1. Just to be sure I follow the rule: in the stretch 147-276, considering lysines 8 or more places apart or on different chains, how many pairs have Cα atoms under 23 Å apart?
2. Percent of Cα-Cα pairs per 5 Å bin, from 0 to the last occupied bin, for the stretch 147-201, please list those.
3. Residue 129 to residue 233: extension gain in nm, 0.36 nm per residue of separation minus the Cα-Cα distance?
4. For the stretch 127-254, treating each Cα as an identical point scatterer without solvent, what Debye log10 I(q)/I(0) comes out at q = 0.16 1/Å?
5. With 10 Å bins from zero, work out the P(r) of the stretch 187-276 over every alpha carbon pair and list the percent per bin.
6. Stretched out fully, how many nm does the piece from residue 91 to residue 249 gain, at 0.36 nm a residue minus the Cα gap?
7. Can you work out the accessible area per residue across the stretch 88-191, with the rest of the protein chains kept in place, probe 1.4 Å, in square angstrom?
8. Count neighbours as other Cβ atoms within 10 Å of each site's Cβ, and list the trypsin sites (Lys or Arg not before Pro) in the stretch 210-244 that are DSSP loop with at most 15 such neighbours.
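The values are calculated or read from the model by the stated rules, or taken from the named source; none is laboratory data. Because the structure is a prediction, the values reported are computed rather than measured. No Cβ is skipped: glycine too gets one built from the backbone with ideal geometry, and neighbour counts run over all protein chains shown. Just so you know, the surface numbers come from the protein's heavy atoms only, side chains and all, with ligands and any DNA or RNA stripped out. Shrake-Rupley method; radii C 1.70, N 1.55, O 1.52, S 1.80 Å.
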Amino acid sequence: MARFCICVSVLKRSGPHGSGCRALSARPQPRRGGSPSSPRLCSPCPRGTMASSEEDGSGNGSVEEKENGKKRSLGALARAWLIFYNIAMTAGWLVLGIAMARFYIQRGTHRGLFRSVQKILKFFQTFALLEVVHCAVGIVHTSVLVTGVQVSSRIFMVWFIAHSIKQIQNEESVILFLVVWTVTEITRYSFYTFNLLNHLPYFIKWARYNFFIILYPAGVAGELLTIYAALPYVKKTGMYSLRLPNKYNVSFDYYYFLIIVIVAVLYLFKPKFYFL
């Protein structure tokens, strides 16, 4: 007897029983010399044996929706963290600026100013290392190398120049780059904060793209003059230098390193200055 089963896959998205299939035997053929066989049901097809294209599409869609949901939640978390970070940094540099202004108003001199604000300066400038992490993990789409150079140059000035060489802390050039950094960072972090909140005041935007014309060369001048003022003390003390002979058989002179830094900054700054 020739018999066959026809399986029909029925997809019920919202039904209580899910998908399934029913098999019916074809019209029976009479046997030779016998009565026709009685119809009977085939065994049920397992779920998903003949999944329709619609079912496949809905499965892929649910996976994509889950992935998109994870991305949205991660994006919301990253956005919330960046808003908090930029608000904190804006407040930190604002506190530093107020402390500097109060010191000068009360004392009438810049001498001792760096010493009075150095703890706040060191904390928030070192905290800026997180910006390199932001770039590395991808929540901020900026070059890790460029951000790393910018942040590390600031940390170098704070810890390896101004902090390490106390004889230069009262130099006018130190106050110059401190004032420039403070105005720059208050403007920059407030710009990022308002931009993330989708409410950017015109003045903040204008200041962000116009203050640098004056602040950039002034900041570079303050940093270079501070390094130049540190050279005699570095040469006299030999600080951070490694002389031969030593077990590592390596020599390093911090004095000549600072000279190279000055020359390199002047070389890199020159085309930018002409551009401005």
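1. The result is 4.
2. Here the calculated profile for the stretch 147-201 is 4, 16, 18, 21, 15, 11, 7, 5, 2, 0.
3. My answer for the length gained is 34.6 nm.
4. -0.95
5. 14, 28, 23, 19, 12, 4, 0
6. 52.1 nm
7. Computed with neighbouring chains in place, this is 50 Å² per residue.
8. 243
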